[in-house]
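The values are calculated or read from the model by the stated rules, or taken from the named source; none is laboratory data. Since the model is a prediction, treat every value here as computed from it, not as a measurement. Note that each Cβ is placed from the backbone with ideal geometry, even for glycine, and that neighbours are counted across all protein chains shown. Areas reflect the complete protein model, heavy atoms only, side chains present, ligands, DNA and RNA absent. Shrake-Rupley method; radii C 1.70, N 1.55, O 1.52, S 1.80 Å.
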Amino acid sequence: MANFFQNKKNIYVLGDIVGIKANTDGVLVLANEDDIEYIDKLREGDNILYIENQKVNSSQDVYDILNKLKKDRVNIRLEREGKLITKSIKTKQQNGIYKLGFWVRDKVSGIGTMTCYDPQKNLFYAIGHPIYDIDTQKMLKIKEGDVSELLNLEIIKGSTNKVGQIKGDFDAQNIIGSFHNNFDYGIEGSLNENLFNNYENNKMEVATFNDINLGKATILFQSENNKVESYDILINNIDKHSKILEIEIIDKDLIDYTGGIIQGMSGTPIVQNNKLIGSIAYVLKNNPKKGFGIFIGEMIK
């Protein structure tokens, strides 16, 4: 581990709020439309990869393949909990059109925060947890995605028993980077070259796990003025096994601004003693001032 951290001296800490759009690898099963007979061998959260050995990349592919085959049953190859399996599924006909009798999804979008950028690898890291499907809560297998700037930023404050959120419009003219990897601690991808100079003043050393202490720390987050600013937090507990940090927002300005940790803040960098130590990952639903961060070494190893 020592060599890893020696090679990470030139990490750049970010904190920008971004829009995230992605296409899934295959299509995700959401739920049946009406009759259970059409989904009796599939489960919500299954990822359909092939229909009759033809690759599925989108919901349009599903339509095209079924209406070319015109079969009453088709063999579907899918991924379920990391395993590839094949099922024979009954198709549904309406007015001569063949389709599956359940809903599927092939595109996702959301808002998150950029954590850091490694100039040696030209990789950015963001959001501090996997991209999940909003309905199934399954980690999505991403084929490709991009990260863009946000316009018309709106903060909906969190309160007790209510998680706040960040809203905004995706700026398709200002794509920050692209990614293919959705993993346990977030997403990683390539940054557009014309943005390199934006982060030259953000250089910071990456902490080892033993560098982290209980007590005061800060997070870097985009303010009402669209500038990344520093806000005070406390680290109340450090779990040595999971490398999870229990954190608490204590900065009055941030509490006035967001109410605490809100949806879209995932990935916000956590800094202590001028070292990047982690990123925000989750919020406590019954207390938005408290949440959890992940150790940065887990995210960028």
- [ ] Among DSSP beta bridges lying fully in the chain, give the percent that are antiparallel, nearest 5.
- [x] 95 percent
TODO: Give the calculated FRET efficiency between S223 and D171 to the nearest 0.05, with a Förster radius of 22 Å applied to their Cβ-Cβ distance.
DONE: 0.75
TODO: Find me the longest stretch of the chain that has none of the exposed GluC sites (Glu not before Pro), where exposed means in a DSSP loop (not H, G, I, E or B) with at most 16 other Cβ atoms within 10 Å.
DONE: 82-223
Task: Reported label for calculated Rg/Rh (Cα atoms, Kirkwood Rh) given (1) 1.04; (2) 0.95; (3) 0.98 - done: (1)
TODO: Go ahead and run the numbers for FRET between R80 and K252, Cβ-Cβ distance against an R0 of 35 Å, rounding to 0.05.
DONE: 0.15
Task: Global form of the stretch 200-297, assessed from the alpha-carbon gyration tensor, a/c cut-off 1.5 - done: oblate
Open item on the list: Compute a Gaussian network model of the chain, connecting alpha carbons closer than 10 Å, and tell me which residue from I249, I142, I51 fluctuates the most.
Closed with: I51
- [ ] Compute the FRET efficiency between L153 and N210 as 1/(1 + (r/R0)^6), taking r as their Cβ-Cβ distance and R0 = 35 Å, and round to the nearest 0.05.
- [x] 0.40
- [ ] Quick one: of K21/K83; K107/K285; K55/K157; K162/K203, which pairs are farther than 32 Å apart, Cα to Cα?
- [x] K55/K157; K162/K203
Task: Degrees between helix 59-69 axis and first principal axis of the chain (Cα, 0 to 90, nearest 10) - done: 20 degrees
- [ ] Treat each spin label as a single point 7 Å out from the Cα along the C-beta direction, and report the S190 to N236 distance in nm.
- [x] 4.3 nm
Task: Residue-averaged [θ]222 nm for the chain, counting only DSSP H segments that reach four residues, each worth -39500 (n - 2.57) - done: -2500 deg cm²/dmol
Task: Per residue accessible area in Å² of the chain, where ligands, DNA and RNA are left out and the probe is 1.4 Å - done: 50 Å²
Open item on the list: In whole percent, and with a 1.4 Å probe on the protein chains, what portion of the accessible area of the chain is carbon and sulfur?
Closed with: 42 percent
TODO: Could you tell me which trypsin sites (Lys or Arg not before Pro) in the stretch 201-230 are loop residues by DSSP with no more than 10 other beta carbons within 10 angstrom of their beta carbon?
DONE: K227
